[in-house]
Amino acid sequence: MPTYAHTLPKAWLRFRSGTIPCGACGIVVVEPVDNSAEKLTAVAPGKMPDGYAPPVLDLPVGLCSACNGIEQSAHGLLLAFPNIRASIGSHDIALHRLTSAMYGLDAIGVRDAATIDRLTEGQRELRRLLDALAVLGGMARWTTTARTGMFEKIADTPPSSQRWGHVSEDLRQEIRSAVAGLLARRVERPRLILAPSEDGSPTGCMLCGVEGVEALREDVPNVWTLMSADPAAIGGHPAPDTIDGVVCSRCDRAIDAAHGVGQSAMTLSVRDFLGLPTHLRSLEHISLIGWAVMPKGTPPNAKPWEHADLSDIRHSVNALLGYRPLVSA
Ligand SMILES: [Zn+2]
Ligand SMILES: [Zn+2]
């Protein structure tokens, strides 16, 4: 397809404002002398002669020193938390997302080091920051504003008179509430969520017998899972009917891993409770009794597996791990 870019007026190869915007916050910057400028693809306006495709041009976009500093911090965080980069796959995409999230904070004026440290201090915090702000922060980038017009309008998009001046009040509001959620979540303490029972009487996990599990509010729906079990499979007397109840999240994971409710699941739950590394595969022959088949009236446990005598297992675990317990369990 022939093009005729050489016939375009020279001014069209630049933004019509004659300036280079920071691709993030939008203020006017000096065009970088090297080739590091981001390029924004634009389509030349006007009518084309038949058979000619409209020329596609790259308009250079810069990065101001403040936005560049934010990108460098994001880069440093990805180096410090390689799992974040690995879970996203590409380094470039991870950097773009994390930088966007941090631009989101900057756009609403969250700049004090203490708050930014709180929101980026660990892997969990970074995941939450990415979930909450990568998209919103991406929308705050000046280049996104320029692209939301038709390609033909990109060259007409003015730079921002002050940093983030192009960001709409609606978007700011959305970013603010996302950040408020992140900060609230950060100070929230886990609460004890008691095992639910039909009549409200105290009950426990069918397997480990624990009466409550500590959880953050948003995890509450996943703490307890309805379950039925064959009594004989969990160490009780054979009976024609299954028994129904709930299991805690640890035992639920164990049931998943064991592909069913039974001795293997209970063993996995005990191993997990005792902190036995999964690569240690002995102790498979222990025989356990699920709390649900204990004699009627057995109270639920404050700690998992209190109704079972785990002293032999603890002893073996300690021996395997090379511990010398100070107090005998
Ligand atoms: Zn900037
Ligand atoms: Zn349990």
Q) When the stretch 1-31 is examined, which residues are found to be over 19 Å from Thr144 (Cα atoms), modelled with pLDDT of 80 or more and not hydrophobic (A, V, I, L, M, F, W, C)? A) Gly18
(Q) Quick check on this structure: which one of Arg127, Arg172 is part of a helix (DSSP H, G or I), surrounded by 14 or more Cβ atoms within 10 Å (Cβ to Cβ) and at pLDDT 95 or above? (A) Arg172
Q. What is the number of the single condition among (1) under 30 Å from Gly122 (Cβ atoms); (2) within 12 Å of ligand 2 (Cβ to nearest atom); (3) outside any strand (DSSP E or B) that Leu276 does not meet?
A. (2)
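Would the stretch 158-166 turn up any residue that is assigned to a helix (DSSP H, G or I), out of contact with any Asp or Glu (no Cβ under 7 Å at 6 or more places or on another chain) and not small (Gly, Ala, Ser)?
Just the residues of the stretch 158-166 that are assigned to a helix (DSSP H, G or I), to begin with: none.
Checking the stretch 158-166: not a single residue is assigned to a helix (DSSP H, G or I), out of contact with any Asp or Glu (no Cβ under 7 Å at 6 or more places or on another chain) and not small (Gly, Ala, Ser).
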Q) Residues in the stretch 103-124 that are within 15 Å of the chain's Cα centre (by Cα) and in a helix (DSSP H, G or I): how many? A) 4
(Q) For Trp305, only one of the following conditions fails: (1) surrounded by 12 or more Cβ atoms within 10 Å (Cβ to Cβ); (2) at pLDDT below 90. What is its number? (A) (2)
Q: Might you let me know whether the stretch 140-155 holds any residue that is more than 16 Å from ligand 2 (Cβ to nearest atom), within 18 Å of Ala184 (Cβ to Cβ) and assigned to a helix (DSSP H, G or I)?
A: no
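Does Ala42 meet the test of being surrounded by 19 or more Cβ atoms within 10 Å (Cβ to Cβ), outside any loop (DSSP other than H, G, I, E, B) and modelled with pLDDT under 85? Before the answer, list the steps.
Values: surrounded by 19 or more Cβ atoms within 10 Å (Cβ to Cβ): yes; outside any loop (DSSP other than H, G, I, E, B): yes; modelled with pLDDT under 85: yes.
Considered against the rule, which asks whether it is surrounded by 19 or more Cβ atoms within 10 Å (Cβ to Cβ), outside any loop (DSSP other than H, G, I, E, B) and modelled with pLDDT under 85, Ala42 comes out as yes.
Considering the stretch 71-106 alone, what residues qualify as being among the acidic types (Asp, Glu) and over 21 Å from Gly181 (Cβ atoms)?
Restricting attention to the stretch 71-106, the residues satisfying the condition of being among the acidic types (Asp, Glu) are 71, 92, 106.
The answer is Glu71, Asp92.
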Q: Please verify whether the stretch 232-242 includes one or more residues that are surrounded by 12 or more Cβ atoms within 10 Å (Cβ to Cβ), within 31 Å of the chain's Cα centre (by Cα) and away from ligand 1 (no atom under 16 Å from the Cβ).
A: no
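Scanning the stretch 189-212 for residues that are within 14 Å of ligand 2 (Cβ to nearest atom) and part of a strand (DSSP E or B), which turns out surrounded by the most Cβ atoms within 10 Å (Cβ to Cβ)? Working first, answer last.
Here is the first cut: in the stretch 189-212, the ones within 14 Å of ligand 2 (Cβ to nearest atom) are 193-196, 203-212.
Narrowing the set further to residues that are part of a strand (DSSP E or B) leaves 193-194, 210, 212.
Details: Ile193: 19, Leu194: 17, Val210: 24, Gly212: 19.
Checked the stretch 189-212; the qualifying residue surrounded by the most Cβ atoms within 10 Å (Cβ to Cβ) is Val210.
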**Q.** Residues located in the stretch 227-254, provided they are within 13 Å of ligand 2 (Cβ to nearest atom) and farther than 11 Å from Gly290 by Cβ
**A.** Val246, Cys248, Ser249, Arg250, Asp252, Arg253, Ala254
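The values are calculated or read from the model by the stated rules, or taken from the named source; none is laboratory data. Predicted model, so just to flag it, every value in this text is computed and none were measured. Counting neighbours? That spans all protein chains shown, and the Cβs are built from the backbone with ideal geometry, glycine included.
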